[in-house]
Amino acid sequence: MDLKSHIPVVPNWPRAGVNFLDVTGILTKPQVYNHVINQLSLQIRQYQATSLVAIESRGFLFASPIAKALGLPLIILRKPNKLPGAVHTITYDTEYSTDSLSIKVDSPVGPRPCMVDDLIATGGTLLAAASLLTKHFAVDTVTSVAVIGLDFLPGRTRLQSAGIQTHTLVDYA
């Protein structure tokens, strides 16, 4: 399936010179969405993941149905002050600003969490998430999957250098 034909490009958003790849084009077509969920699920099975860690916010859209289908715990990483109770938080630099992610301290991560997001660009968010997981939980390996990889940015290389296996369904060079 040609996924690129289902991912509209929005020029100059969120700022001039940036072309935003809109994954909501996948969500509006059930057959395409099912294909994406099935393909990501196959990779996650190969990773033998013990949990899915969904990155706010578009990672939720893909991780939720996969977690249900594979019978895995779904753990969500949210922006600060969005999760009730005790949390661990990490602050990191992004391409555009500084951001933070939080995870509940009692999350059933297990030894092989797989992070799920819509897109890998610079890798900063996934590297921060992996750092959060390895610092606070008994983790052996962290892996990741995403719908889109932007290979003209250093994300995949940075993740691989950190020992994080990464799989994407469609790549833009």
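Scan region 11-22 and report the pairs whose first residue is over 17 Å from Leu119 (Cα atoms) and whose second residue is part of a loop (DSSP other than H, G, I, E, B) and of a type outside the set (Asp, Glu), with Cβ atoms within less than 7 Å and a gap of 6+ or a chain change.
Asn12/Val18
To keep it simple, each residue is scored yes or no on (1) farther than 23 Å from Trp13 by Cβ; (2) surrounded by 15 or more Cβ atoms within 10 Å (Cβ to Cβ); (3) of a type in the set (Gly, Ala, Ser).
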| site | (1), (2), (3) |
| --- | --- |
| Asp106 | yes, no, no |
| Ser131 | yes, yes, yes |
| Thr141 | yes, yes, no |
| Ser161 | yes, no, yes |
| Ile164 | yes, yes, no |
| His167 | yes, yes, no |
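Every residue in region 50-74 that is under 9 Å from the mean Cα position of the chain (by Cα) and assigned to a helix (DSSP H, G or I), please.
The answer is Arg58, Gly59, Phe60, Phe62, Ala63.
Keeping to region 71-100, report how many residues are touching a Lys or Arg at 6+ places or on another chain (Cβ under 7 Å) and surrounded by 16 or more Cβ atoms within 10 Å (Cβ to Cβ).
Matching residues across region 71-100 total 2.
In the set Val36, Val10, which member is in a helix (DSSP H, G or I) and β-branched (Val, Ile, Thr)?
Values: Val10 fails: in a helix (DSSP H, G or I).
On inspection, the qualifying residue turns out to be Val36.
Within region 109-122, can you find the residues that are out of contact with any Asp or Glu (no Cβ under 7 Å at 6 or more places or on another chain), within 28 Å of Leu3 (Cβ to Cβ) and either of a type in the set (Val, Ile, Thr) or modelled with pLDDT under 95 (or both)? Reasoning before the result, please.
Here is the first cut: in region 109-122, the residues out of contact with any Asp or Glu (no Cβ under 7 Å at 6 or more places or on another chain) are 109-110, 113-120.
From what's left, within 28 Å of Leu3 (Cβ to Cβ): 113-120.
Within region 109-122, Val116, Ile120 qualify.
Can you confirm whether Arg156 is within 26 Å of Gly17 (Cβ to Cβ), crowded, with 21+ Cβ neighbours inside 10 Å, modelled with pLDDT of 95 or more and in contact with a strand residue (DSSP E or B) (Cβ under 6 Å, 6 or more places away or on another chain)? Talk me through it step by step, then tell me what you get.
Details: within 26 Å of Gly17 (Cβ to Cβ): yes; crowded, with 21+ Cβ neighbours inside 10 Å: yes; modelled with pLDDT of 95 or more: yes; in contact with a strand residue (DSSP E or B) (Cβ under 6 Å, 6 or more places away or on another chain): yes.
Against the criterion (within 26 Å of Gly17 (Cβ to Cβ), crowded, with 21+ Cβ neighbours inside 10 Å, modelled with pLDDT of 95 or more and in contact with a strand residue (DSSP E or B) (Cβ under 6 Å, 6 or more places away or on another chain)), Arg156 qualifies.
Return the residues of region 88-141 that are of a type in the set (Ser, Thr, Tyr) and part of a loop (DSSP other than H, G, I, E, B); say none if nothing qualifies.
Going through region 88-141, the residues of a type in the set (Ser, Thr, Tyr) turn out to be 89, 91-92, 94, 96-98, 100, 102, 107, 122, 125, 131, 134, 141.
Result: Thr94, Tyr96, Ser97, Ser107, Thr122, Thr141.
The values are calculated or read from the model by the stated rules, or taken from the named source; none is laboratory data. None of the values given here were measured: they were computed from a predicted structure. Note that we place each Cβ from the backbone using ideal geometry, even for glycine, and neighbour counts take in every protein chain shown.
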